[in-house]
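Let me begin by presenting the structure, written as structure tokens, before commenting on it.
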Amino acid sequence: MSFDTRQIDDLVSLERGEVDRRIYTDPAIFELEMERIFARSWLFLCHESQIAEPGDFFQAVMGRDNVLVVRQKDGSIKAMLNTCAHRGNAVCRAEEGNAKSFLCTYHGWSYGIDGRLNGVPGHNTFYKGNLDKSRHGLAPVAQVANYRGFIFGTHDAAAPPLEEFLGATGRLGLDTIALRGDMEVVPGIQKFVIECNWKIAVDNLFDWYHPQITHASAFQPSVLPSTNRLENAPVEKIDLSGVNMQSGAGLDLPGNGIIGTKFDQVVVLGEYGHAIGGPTTSSTGYFEFDPSWRENPRTKTALGPVGCKVGGHPNIFPTTWATVTQPQISLRIPRDPTHTEIWWFTFVDRNMPREMRDFMVTMACRIFGPAGVLEQDDGENWAQATAQTRGIASRRIKHLLNMGIGRGKIIKEGGLARIESLTSEYGQLWTYYSWAQWMKGLSWEELKQATTPGDCI
Ligand code: FES
Ligand SMILES: [Fe+2]
């Protein structure tokens with residue numbers, strides 16, 4: 001099945017706040033996403049601290065392409081496809097490490113860390129020297145760039161420069177991690193698969209409506225570890241007495257901290273589909289384990305007056321989520337229409353005291369990742385929401401994102417477009433709307449124009 005522009009427009013209605021559920025299971029849509037989004041967009045590959053020394057490499061995923069990101073002898077960073085130029089075998093099976101060369105296990109072609117083909121067994125005997133090695137290196141990723149230590153790549157040589165692609169919204173999203181100090185990734189990337197469509201997982205990161213129900217048990221005392229820091233934090237104890245667990249009545253009260261719904265929220269909408277959504281930093285629903293970095297005058301200047309207010313979850317379109325409670329990056333990597341691989345990168349400041357670092361890592365593991373209480377709660381919902389869209393009758397019902405629809409006045413200030421409101425679904429809706437624009441296969445210029453926020457949602 002192919003989709004023309006009108007059919008794609010019919011899949012997402014910005015006016016009604018409705019999304020066609022077929023986009024979660026249709027294999028033709030998934031294929032088109034691979035081509036029109038994942039083969040074009042800048043995608044997060046890794047952090048520079050993961051490949052500090054010459055020969056250090058990290059294996060990343062771009063769409064369905066496996067990519068080796070490698071630190072070169074001159075300190076630069078190259079990314080190349082992990083597929084042998086001979087007959088396609090992967091030239092590296094390790095997820096990360098240090099290499100002097102990459103040797104293909106099929107016929108033994110060997111490549112330098114710069115991707116150049118160095119050795120071909122039988123080059124003289126079998127090929128009679130009639131093979132131009134300079135033409136058969138590992139294929140380079142079209143563009144690679146570094147924004148404040150975050151390495152991105154794109155398969156599209158015509159894609160705008162990374163900083164322009166990120167725009168003010170995407171840069172602010174990454175700054176919420178980069179500006180916390182001299183950041184490095186804790187060794188060990190957590191990876192696991194959830195049986196859901198990738199867009200349902202992305203949709204959820206802007207969702208501050210669900211925690212009060214989905215995570216009600218996780219926020220009960222002693223589910224998450226009790227420490228002094230937690231006890232001093234505003235959200236550690238949720239009083240569920242007086243709450244009707246059938247109807248949810250009673251949860252919507254001040255004092256519920258992060259799980260409340262009556263707190264000031266700010267949603268930032270950016271070009272190409274980037275967005276940030278969640279509480280303002282002055283809201284009682286706002287929560288970071290270590291917010292001290294925000295007090296630094298240089299940080300305040302770098303964030304700007306609007307950036308200082310923004311405390312929610314950024315998503316760099318399509319799949320890079322930067323969390324706020326403790327600095328982490330999560331990737332939602334589409335494997336097929338109903339399987340998404342989640343990767344978690346946990347960041348710490350190199351100068352952080354040991355106890356604080358340990359605390360951050362412990363919390364990262366207990367909140368998100370395969371052992372994280374929140375992610376286990378979430379994953380069940382995402383899998384069920386995806387599974388139900390398989391039914392012919394069930395998929396005729398729309399995926400609803402119409403909370404506050406028509407009331408989201410967009411304020412443009414400091415290069416950012418934002419909506420201030422209570423809990424809303426503007427961030428999700430903006431993501432789906434932008435997704436539809438990408439799916440039309442527009443030129444880069446048209447795409448930027450189509451995803452520039454207007455005056456109201
Ligand atoms: S496939 Fe790699 S050497 Fe033949
Ligand atoms: Fe959640």
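Which of the trypsin sites (Lys or Arg not before Pro) found in the stretch 344-386 are in a DSSP loop and have at most 11 neighbouring Cβ atoms, other than their own, within 10 Å?
ARG350
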>> With no other cysteine's Cβ closer than 4.7 Å, which Cys residues of the chain count as lacking a disulfide-compatible partner?
In response: CYS46, CYS92, CYS196, CYS308, CYS365, CYS456
> How far apart, in nm, are two points set 7 Å out from the Cα along the Cα-to-Cβ line at SER134 and at ARG87?
Replying inline: 2.8
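If you take the C-alpha gyration tensor of the stretch 292-398, multiply each eigenvalue by 5 and take the square root, what semi-axes do you get, largest first, in whole Å? Before the final figure, lay out each step's value.
Details: eigenvalues 222, 69, 25 Å².
Each semi-axis is √(5λ); the values are 33, 19, 11 Å.
GluC sites (Glu not before Pro) within the stretch 1-93: which are DSSP loop residues with at most 16 other Cβ atoms inside 10 Å?
Numbers: sites: GLU15, GLU18, GLU31, GLU33, GLU35, GLU48; in loops: GLU15.
Sparse-neighbourhood loop GluC sites (Glu not before Pro): GLU15.
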> How far is helix 162-178 tilted off the main Cα axis of the chain, in degrees rounded to 10, range 0 to 90?
Replying inline: 60
> How many Å² of accessible area per residue for the stretch 343-424, probe 1.4 Å?
Replying inline: 51
> Taking only C-alpha pairs under 8 Å that are 6+ residues apart, what is the relative contact order of the stretch 266-397 in percent?
Replying inline: 15
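Can you tell me the dipole magnitude for the stretch 327-457 around its Cα centre, using point charges on the Cβ only (Lys, Arg +1; Asp, Glu -1), in Debye to the nearest 20? Working shown, then result.
Details: 16 positive and 15 negative charges, 69 e Å.
Roughly 340 debye for the stretch 327-457.
Using per-residue counts of other Cβ atoms within 10 Å, averaged over each peptide, order 129-138, 381-390, 416-425, 311-320 from highest down.
Values: 129-138: 13.4, 381-390: 17.4, 416-425: 21.5, 311-320: 26.2.
Order by mean packing, descending: 311-320, 416-425, 381-390, 129-138.
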>> Angle check, please: helix 426-439 long axis (alpha carbons) against the longest principal axis of the chain (alpha carbons), in degrees 0 to 90, nearest 10.
In response: 30
> If the chain between VAL361 and THR105 were fully stretched, how many nm would it gain, using 0.36 nm times the residue separation less the Cα-Cα distance?
Replying inline: 88.5 nm
>> Compute, for the chain, the length of the dipole vector about the Cα centre, with Cβ point charges of +1 (Lys, Arg) and -1 (Asp, Glu) only. Units Debye, rounded to 20.
In response: 820
> Which residues in the stretch 390-430 have a backbone N closer than 11 Å to a point placed 7 Å from the Cα of ASP455 along the Cα-to-Cβ line?
Replying inline: 410
> Among GLN388, ASN130, LEU174, whose Cα lies farthest out toward the positive end of the dipole of the chain, if unit charges sit on the beta carbon of Lys, Arg (+1) and Asp, Glu (-1)?
Replying inline: ASN130
>> Please report the spacing between the Cα centers of the stretch 343-388 and the stretch 172-217 in Å, no decimals.
In response: 8
> How large is the helix-only mean residue ellipticity at 222 nm for the chain, computed as the sum of -39500 (n - 2.57) over DSSP H runs with n ≥ 4, divided by its residue count, in deg cm²/dmol to the nearest 500?
Replying inline: -7000 deg cm²/dmol
> What is the P(r) of the stretch 43-147, as percent of Cα-Cα pairs per 5 Å bin from 0?
Replying inline: 2, 13, 24, 24, 18, 9, 6, 2, 1, 0
> Counting other Cβ atoms within 10 Å of each Cβ, which chymotrypsin sites (Phe, Trp or Tyr not before Pro) in the stretch 73-168 have at most 14 and sit in a DSSP loop?
Replying inline: TYR106, PHE126, TYR127
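Among 53-59, 288-294, how do they line up by average Cβ neighbours within 10 Å per residue, starting with the highest? Write down the numbers at each step before the final one.
Numbers: 53-59: 18.4, 288-294: 15.6.
Packing order, densest peptide first, comes out as 53-59, 288-294.
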> What angle do you read, to the nearest 10 degrees and between 0 and 90, between the alpha-carbon axis of helix 297-309 and the longest principal axis of the chain?
Replying inline: 60
> What percent do you get for the relative contact order of the chain when only Cα pairs under 8 Å and 6+ apart count?
Replying inline: 21
>> Using the Cα centre of the chain as origin and beta-carbon charges of +1 (Lys, Arg) and -1 (Asp, Glu), tell me which of GLY270, ALA142, TYR432 is placed farthest towards the positive end of the dipole.
In response: ALA142
> In percent, how large is the relative contact order of the stretch 84-211, given Cα pairs closer than 8 Å and 6 or more residues apart?
Replying inline: 12
> In nm, what is the difference between 0.36 nm times the number of residues separating GLU95 and ALA28 and their Cα-Cα distance?
Replying inline: 21.1 nm
>> Multiplying the sequence separation of ARG6 and PHE126 by 0.36 nm and subtracting their Cα-Cα distance, what value in nm do you get?
In response: 37.7 nm
> For the chain, what's the radius of gyration and Dmax over Cα atoms, in angstrom?
Replying inline: 22.9, 84
>> If you average the C-alpha positions of the stretch 1-57 and of the stretch 83-127 separately, how far apart do those two centres end up, in angstrom?
In response: 31
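The values are calculated or read from the model by the stated rules, or taken from the named source; none is laboratory data. Source: prediction; values computed, not measured. Positions of Cβ are backbone-derived with ideal geometry, glycine not excepted, and every protein chain shown enters the neighbour counts. We work out accessible area using only protein heavy atoms, side chains counted, and drop any ligands, DNA or RNA first. Shrake-Rupley method; radii C 1.70, N 1.55, O 1.52, S 1.80 Å.
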